[in-house]
Amino acid sequence: MRILIAYASIDGQTEKIAHRIAETLERDGADPLLVNTRKQTDAPWPEECDGMIAGGPLHREHHPHELGKWLMDHRNDYAERPTAFFSVSLSAASDRQQDLDDAQRVMREFLDEVGMHPDMTATIAGALKYTRYGFLKKRIMRNIVKKSGGKELDMSRDYEYTDWEQVEAFAREFLASISRK
């Protein structure tokens, strides 16, 4: 069973998650194919594809433009296949219900905008990658963390919040849903 994983990554965490999804699918007998829509903007739809998982990071209440464009360009290709979507954000790691609700809302708005109606969705906690940020972004992210009550203010290190068990369960649940059809 061939599963396409179309993703966009900005600071690397979404790419890491996409690869973990691919590894999980492969361990469970599927044939995953990864497409980075930021680097492979013209990537064609693969032949003999049984389903698709797409995902991207949430930055400033938006998912990457390249991911949206790729999904709109290939809407007819995946419309009749099982699909899933994951959104990666710091909001998904929050203890505040408002942050969790906002992450869900922005994901739904993006999916409506691109015309994707996935069978499954997930919001997945991302990472604070201070060491990869430039001077300004580092301070902006620190202020956001401080404002939301977070304690991860040491800008000399990175903080990862991704629940890898959630990521693997998401991949397995999607594969199981295809197998039942």
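About the Cα centre of the chain, how large is the charge dipole given +1 on each Lys and Arg Cβ and -1 on each Asp and Glu Cβ? Please answer in debye to the nearest 20.
Result for the chain is approximately 900 debye, rounded to the nearest 20.
Using the 10 angstrom Cβ neighbour count as an exposure proxy, how do His63, His117, His19, His74 rank, fewest first?
With the fewest neighbours first, His63, His117, His19, His74 line up as His117, His19, His74, His63.
How big is the charge dipole of region 79-164 about its Cα centre, in debye rounded to the nearest 20, if each Lys and Arg gets +1 on its Cβ and each Asp and Glu gets -1 on its Cβ?
In total the dipole reaches around 680 debye.
Using only Cα atoms, locate the centre of region 70-116 and the centre of region 130-164, then give the distance between them in Å, rounded to an integer.
Region 70-116 and region 130-164 have Cα centres spaced 23 Å from each other.
Could you tell me how many degrees, from 0 to 90 and to the nearest 10, lie between the Cα long axis of helix 97-114 and the main elongation axis, the longest principal axis, of the Cα atoms of the chain?
The helix 97-114 is inclined about 40 degrees to the chain.
So what is the relative contact order for the chain, in percent, with contacts set as C-alpha pairs under 8 Å and at least six apart?
After rounding, I find 22 percent.
Would you be so kind as to identify which of Val114, Pro32, Tyr161 lies farthest towards the positive end of the dipole of the chain, taking Lys and Arg as +1 and Asp and Glu as -1 on Cβ and the Cα centre as origin?
Of the options given, the answer is Tyr161.
Could you list Asp50, Asp11 so that the one with the fewest beta carbons within 10 Å of its beta carbon is first and the one with the most is last?
Going from least to most buried by this count: Asp50, Asp11.
When the helix-only estimate is applied to the chain (DSSP H runs of n ≥ 4, each -39,500 (n - 2.57), divided by the residue count), what is the mean residue ellipticity at 222 nm, nearest 500 deg cm²/dmol?
The helix-only estimate for the chain comes to -13000 deg cm²/dmol at 222 nm.
Highest mean first, what order results for 120-129, 99-108 on Cβ atoms within 10 Å?
Ranked from most to least packed, the peptides come out as 120-129, 99-108.
Going by how many other beta carbons lie within 10 Å of each one, how would you line up Lys137, Lys39, Lys16, fewest first?
Lys39, Lys137, Lys16
Among the GluC sites (Glu not before Pro) in region 1-84, which ones are in a DSSP loop with at most 12 other Cβ atoms within 10 Å of the Cβ? Mind listing them?
Glu47, Glu48, Glu80
Report, to the nearest 10°, how far helix 164-180 tilts away from the longest principal axis of the Cα atoms in the chain, using its own Cα long axis and a range of 0 to 90°.
Once rounded, one gets 20 degrees.
I want to verify the translational diffusion coefficient of region 19-77 in µm²/s; compute it with Stokes-Einstein, Rh as the Kirkwood radius over Cα pairs, at 20 °C and 1.002 mPa s.
For these conditions, the coefficient is 168 µm²/s.
Work the Kirkwood hydrodynamic radius out for the chain: mean of 1/r over every pair of different alpha-carbon atoms, inverted, in Å.
In the chain this quantity evaluates to 16.7 Å.
Go through His65, Ser94, His19 and say which Cα lies farthest out towards the positive end of the charge dipole of the chain; charges sit on Cβ, +1 for Lys and Arg, -1 for Asp and Glu.
Ser94
No value in this document is a laboratory result; all are computed from the given coordinates. Only a predicted model underlies this, so the values are computations on that prediction, with no experimental measurement involved. In this analysis, Cβ positions are derived from the backbone assuming ideal geometry, glycine residues included, and neighbour counts consider all displayed protein chains.
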